[in-house]
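Before any comments, here is the structure.
What follows draws every value from the coordinates through simple rules; no lab data is involved. These figures come from a predicted structure and were not determined experimentally. Cβ coordinates were reconstructed from backbone atoms using ideal geometry, including for glycine residues, and neighbour counts include every protein chain displayed.
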Amino acid sequence: MTFNYFGIRAIYQFEMARTKRTLMQSIIAPVISTSLYFVVFGSAIGSRITEMEGISYGAFIVPGLIMLSLLTQSISNASFGIYFPKFSGTIYELLSAPLSPFEIILSYVGAAATKSIILGVIILATSALFVPVKIDHPVWMLVYLLLTSVTFSLIGFIIGIWADGFEKLQVVPLLIITPLTFLGGSFYSISVLPPFWQKVALLNPVVYLISGFRWSFYSVEDVSLWVSLGMTLAFLGISIATVFWIFKTGYRLKK
């Protein structure tokens, strides 16, 4: 099997170039928003909650804040990337080009994941200006960063195909992903919840992502590392299967 490297590179470079044109929206705004979270939660609330799981509260929330930006920006970048060709009508040229579904997905999702990883690294560097951050397991941190970025870029790709208007591009990130992230242990450990609500929290898929990501920093976890990794890989598998089903059936690709 041969790959159309020129086609993949052309789409990838086009999507990456869009980041330069929307630098304020893609990079600067998320970093500023995250910095405000550090000021509000890390300083104001952190002065009252000194520690969480033996870690200073300001440092404890770093993985959750990175994950919050990672999820929302991965979805936003990938959904807009594929929605715009539908909106402008150029998707017909894309589908008739000598590119396989895998190559199209690799181009758009790869670019969205790359932008999200860059943003995550910038936020991590920014957080070091506010709180002391340590990374006990840097390889695992990079693994979770990569898996999460790719998985939610795939979800964003699906949303971009499903959406038939710009307003629908924001429905899932604002009404589903952001609340799940806030309730998924971004700013607290679910171990502080009453037993009943701990069980309810385990129904939230974002809990597993944040738990594994936080473990890579501080070796503390709400859920077993292997359970977190297994759930993350399951989300990735479901997303991949859904995207290839869309191309196989043509669902909303030409609408």
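Yes or no, residue by residue, for (1) crowded, with 20+ Cβ neighbours inside 10 Å; (2) touching a residue at least 40 places away in the same chain (Cβ under 8 Å):
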{"position": "Leu202", "(1), (2)": "no, no"}
{"position": "Val206", "(1), (2)": "yes, yes"}
{"position": "Ile210", "(1), (2)": "yes, yes"}
{"position": "Thr232", "(1), (2)": "yes, yes"}
{"position": "Phe247", "(1), (2)": "no, yes"}
{"position": "Gly250", "(1), (2)": "no, no"}
(message) So Ser96 passes all but one of these: (1) of a type in the set (Gly, Ala, Ser); (2) in contact with a Ser or Thr (Cβ under 9 Å, 6 or more places away or on another chain); (3) more than 22 Å from Thr148 (Cβ to Cβ). Which condition number does it fail?
(response) (2)
(request) Collect the residues in segment 104-123 that are closer than 16 Å to Met16 by Cα, out of contact with any Leu (no Cβ under 8 Å at 6 or more places or on another chain) and either of a type outside the set (S, T, N, Q) or without any contact (Cβ under 8 Å) to a residue 12 or more places away in the chain (or both), keeping them in residue-number order. (result) Leu106, Tyr108, Gly110, Ala111, Ala112, Lys115, Ile118
(message) So, in segment 124-171, exactly how many residues are acidic (Asp, Glu) and either under 15 Å from the mean Cα position of the chain (by Cα) or not in a helix (DSSP H, G or I) (or both)?
(response) 2
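Is it the case, given these coordinates, that Gly237 is surrounded by fewer than 18 Cβ atoms within 10 Å (Cβ to Cβ), among the small types (Gly, Ala, Ser) and either in contact with a helix residue (DSSP H, G or I) (Cβ under 7 Å, 6 or more places away or on another chain) or over 24 Å from Tyr57 (Cα atoms) (or both)?
Judged against the criteria, Gly237 is a match.
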(request) Determine which member of the set Glu93, Glu103 is acidic (Asp, Glu) and loosely packed, with under 15 Cβ neighbours inside 10 Å. (result) Glu93
(message) Checking Ala113 against (1) part of a helix (DSSP H, G or I); (2) surrounded by fewer than 24 Cβ atoms within 10 Å (Cβ to Cβ); (3) aliphatic (A, V, I, L, M), only one condition comes out false. Which one?
(response) (2)
(message) Which residue is nearest to Ser107 (Cα to Cα), if the candidates are limited to segment 213-255 and must be among the β-branched types (Val, Ile, Thr) and outside any helix (DSSP H, G or I)?
(response) Val223
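Output the residues belonging to segment 185-200 that are outside any helix (DSSP H, G or I) and touching a residue at least 60 places away in the same chain (Cβ under 8 Å).
Gly185, Ser186, Phe187, Tyr188, Ser189, listed by residue number.
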